[in-house]
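Please read the structure below before turning to the comments.
The values are calculated or read from the model by the stated rules, or taken from the named source; none is laboratory data. Just so it is clear, the structure is predicted and the values come from calculations on it, not from any experiment. For neighbour counting, all protein chains shown are included, and Cβ atoms are generated from backbone atoms with ideal geometry for every residue, glycine included. To get the accessible areas, we keep the full protein, side chains included, count just its heavy atoms, and leave off ligands, DNA and RNA. Shrake-Rupley method; radii C 1.70, N 1.55, O 1.52, S 1.80 Å.
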Amino acid sequence: MLTLIFSFVLLITNTDSALNNNNNMKFELIKLPYAADALEPVISKQTIELHHGKHLQGYVNNLNNLIQETEFENADLETIVKKSNGTIFNNAGQVLNHNLYFTQFSPNGGGQPSGKLAAAIDAEWGSFENFKKEFENAGTGLFGAGWVWLAEDENGKLSIVKEANGGNPLTKGLKPVLGFDVWEHAYYLDYQNRRADHLKELWKIIDWEIVGNRY
Ligand code: MN
């Protein structure tokens, strides 16, 4: 009887470790810090559910599959974004981009940045209003799919960076502070072709405390 139990435990243990080896899922879908409908009407529940639950989940799954048995198998996300190219870079970039994107929003967002970030924005663009206009113009003027970023260099100097596809300012040695996703999947259900209207609305849900802490 004891042998039987022991064998059974061994069987379970082996099955368990085999499963873990096959499902070495390194990166996981980030949890949203708000309910799917909490950002309405700026971003609808349906868009959040598709964008987070389907698009981002797809990038996470792709990345986990692609890095298996490569030099990036045990690397952290930022390292992969800095050093990879091709499909690994595209998916790693999109995972990092969306992690930054979804965590910068709050149903209680809006208003203005404060402290050091506000001062740095004023130093570069004269005013928060002027910065917003320049940022929106960059996003509207980006042809095709991509991202517009507020990024800082090693001296804290800010700039607006346009990136195609899954690009991130990290590859230019800059730190991403705020990012607007201008892929159509981010806004098409809610705004159709009106990207400019979508970008203008996004300011209402920016959590400037979180964005300020990144700077
Ligand atoms: Mn997206």
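When Val95 is tested against (1) β-branched (Val, Ile, Thr); (2) in a loop (DSSP other than H, G, I, E, B); (3) under 11 Å from the mean Cα position of the chain (by Cα), only condition (2) is not met. Residues that are open to solvent by less than 60 Å² (accessible area, probe 1.4 Å) and more than 13 Å from the chain's Cα centre (by Cα) within region 171-187 comprise Gly173, Leu174, His185, Tyr187, listed in sequence order. Out of all the residues in region 105-117, is one or more in contact with a helix residue (DSSP H, G or I) (Cβ under 9 Å, 6 or more places away or on another chain), over 30 Å from Lys54 (Cα atoms) and among the hydrophobic types (A, V, I, L, M, F, W, C)? Looking through region 105-117, at least one residue is in contact with a helix residue (DSSP H, G or I) (Cβ under 9 Å, 6 or more places away or on another chain), over 30 Å from Lys54 (Cα atoms) and among the hydrophobic types (A, V, I, L, M, F, W, C).
Evaluate the following for Glu78: is it charged (D, E, K, R), in a helix (DSSP H, G or I) and closer than 16 Å to Thr171 by Cβ? Taking the combined requirement at face value, the residue satisfies it. Out of Leu63, Leu100, one residue alone is within 16 Å of the ligand (Cβ to nearest atom) and touching a residue at least 40 places away in the same chain (Cβ under 8 Å). It is Leu100.
Starting from residues that are within 16 Å of the ligand (Cβ to nearest atom) and exposed (fewer than 15 other Cβ atoms within 10 Å of the Cβ), keep the ones in region 159-170 and report whichever is farthest from Asp122 (Cα to Cα). Spell out the reasoning first.
Looking only at region 159-170, we keep the residues that are within 16 Å of the ligand (Cβ to nearest atom), and these are 162-168.
Subset that is exposed (fewer than 15 other Cβ atoms within 10 Å of the Cβ): 164-165.
On the way: Ala164: 27, Asn165: 29 Å.
Within region 159-170, the match that is farthest from Asp122 (Cα to Cα) is Asn165.
Would you confirm whether or not region 53-71 contains a residue that is part of a helix (DSSP H, G or I) and closer than 22 Å to Arg214 by Cα? Before you say what the answer is, go through the steps one by one.
Narrowing region 53-71 to residues part of a helix (DSSP H, G or I): 53-67.
Going one step further and asking which of them are closer than 22 Å to Arg214 by Cα, we end up with 56.
Yes; the residues of region 53-71 include at least one that is part of a helix (DSSP H, G or I) and closer than 22 Å to Arg214 by Cα.
The set of residues in region 188-215 being over 25 Å from Leu117 (Cβ atoms) and surrounded by fewer than 16 Cβ atoms within 10 Å (Cβ to Cβ) consists of Tyr188, Leu189, Gln192, Asn193, Arg194, Asp197. Applying a threshold of 6 Å to beta carbon distances and a minimum spacing of six or more residues, or different chains, the list of pairs starting in region 47-58 at a residue that is over 17 Å from Ala92 (Cα atoms) and ending at one that is part of a helix (DSSP H, G or I) reads Thr47/Leu189; Thr47/Asp190. Would you confirm whether any residue within region 132-150 is under 21 Å from the mean Cα position of the chain (by Cα), surrounded by fewer than 15 Cβ atoms within 10 Å (Cβ to Cβ) and among the hydroxyl-bearing types (Ser, Thr, Tyr)? No, because not a single residue in region 132-150 is under 21 Å from the mean Cα position of the chain (by Cα), surrounded by fewer than 15 Cβ atoms within 10 Å (Cβ to Cβ) and among the hydroxyl-bearing types (Ser, Thr, Tyr).
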